[in-house]
1. Please determine whether any residue of region 147-165 is in a loop (DSSP other than H, G, I, E, B), touching a residue at least 12 places away in the same chain (Cβ under 8 Å) and farther than 30 Å from F99 by Cα.
2. Quick one: count up the residues across region 83-99 that are among the charged types (D, E, K, R) and within 21 Å of the chain's Cα centre (by Cα).
3. On the basis of being open to solvent by less than 50 Å² (accessible area, probe 1.4 Å), touching a residue at least 40 places away in the same chain (Cβ under 8 Å), touching a helix residue (DSSP H, G or I) at 6+ places or on another chain (Cβ under 7 Å) and not polar (S, T, N, Q), does V72 make the cut?
4. Would you mention how many residues in region 195-243 are at pLDDT below 85, among the β-branched types (V, I, T) and in contact with a Gly (Cβ under 7 Å, 6 or more places away or on another chain)?
5. Tell me, please, whether a residue that is among the aromatic types (F, W, Y) and open to solvent by 50 Å² or more (accessible area, probe 1.4 Å) can be found in region 141-152.
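The values are calculated or read from the model by the stated rules, or taken from the named source; none is laboratory data. Everything quoted here is computed from the prediction, not taken from an experiment. Note that we place each Cβ from the backbone using ideal geometry, even for glycine, and neighbour counts take in every protein chain shown. When the accessible area is computed, the model is the full protein with side chains, heavy atoms only, and any ligands, DNA or RNA have been set aside. Shrake-Rupley method; radii C 1.70, N 1.55, O 1.52, S 1.80 Å.
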Amino acid sequence: FFFNDTATTEIYTEQIVGSVRCVQETGVRVLSMCWVIYGHEYNARLKIATNLASVQTEIFQSTYALVVIAGVYAVDIFFFMSGFFFTYIYLGKLAKMRFNLPTYIMTIVHRIFRILPLYAMLILFMFKLMPWFGSGPMWNDFVKNFSGVCKDRWFYNMLFIDNYFNTFKTGYCFGWGWYLANDMQMFLVTPIVAYIIHKNQFVGKLVTWGFILFSCAWGTYLSLEYLSLIHISEPTRQAEISYAVFCLKKK
């Protein structure tokens, strides 16, 4: 093992042909992941904090608190990049291939087989092995809420619909799997939208803006109806704690 050889092969400093330069050079994925971890770590510790009153008055009213609170929104950056890069690549492929039902089905099947095997192994690890990898006063609650429920609810994750059926009351099998479920559901529509953009850019823009406006309107309605219990930018995710605008109240 030689560090220099490994560094030169694993750390790329030259522009990759066909890549998006602004994303490659800024390292937006690494920075976003650090932001997500930071925000979620801070939020996890608040659940066991004994000084919530001072947290609300001294911390959350400061400018610094925006970085912490917005950490949960950083996940949306990956939704954007996933859709952007797929469309960027798929539009290039549409210029060389014919889009039809078999092509669409194979695109979906290819993505499922890329994700599902490793996803299944991680859920199995979470269900059978994770309980043996930790200890402490909060560990049993973690195992109960994120591992123990996998025995009865794992198939929701395998079907990528756990964001509709796993709630705070039922528990979360592989709780952060909601992202894959959302991503897969949006992916079902993305090839069709990309094809429309390829055929007619004006109509494609109308369809894209239609989805954006519908998502904002539907998320806002859910937030108003259920006392802000739904993330505005994730209207298909059920959650006990709101990640949306905290000032929204149902009269």
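1. Within region 147-165 (the criterion being in a loop (DSSP other than H, G, I, E, B), touching a residue at least 12 places away in the same chain (Cβ under 8 Å) and farther than 30 Å from F99 by Cα), the answer is yes, since at least one residue qualifies.
2. 0
3. Yes; evaluated as a whole, the condition is true for this residue.
4. Number satisfying all stated conditions: 2.
5. yes
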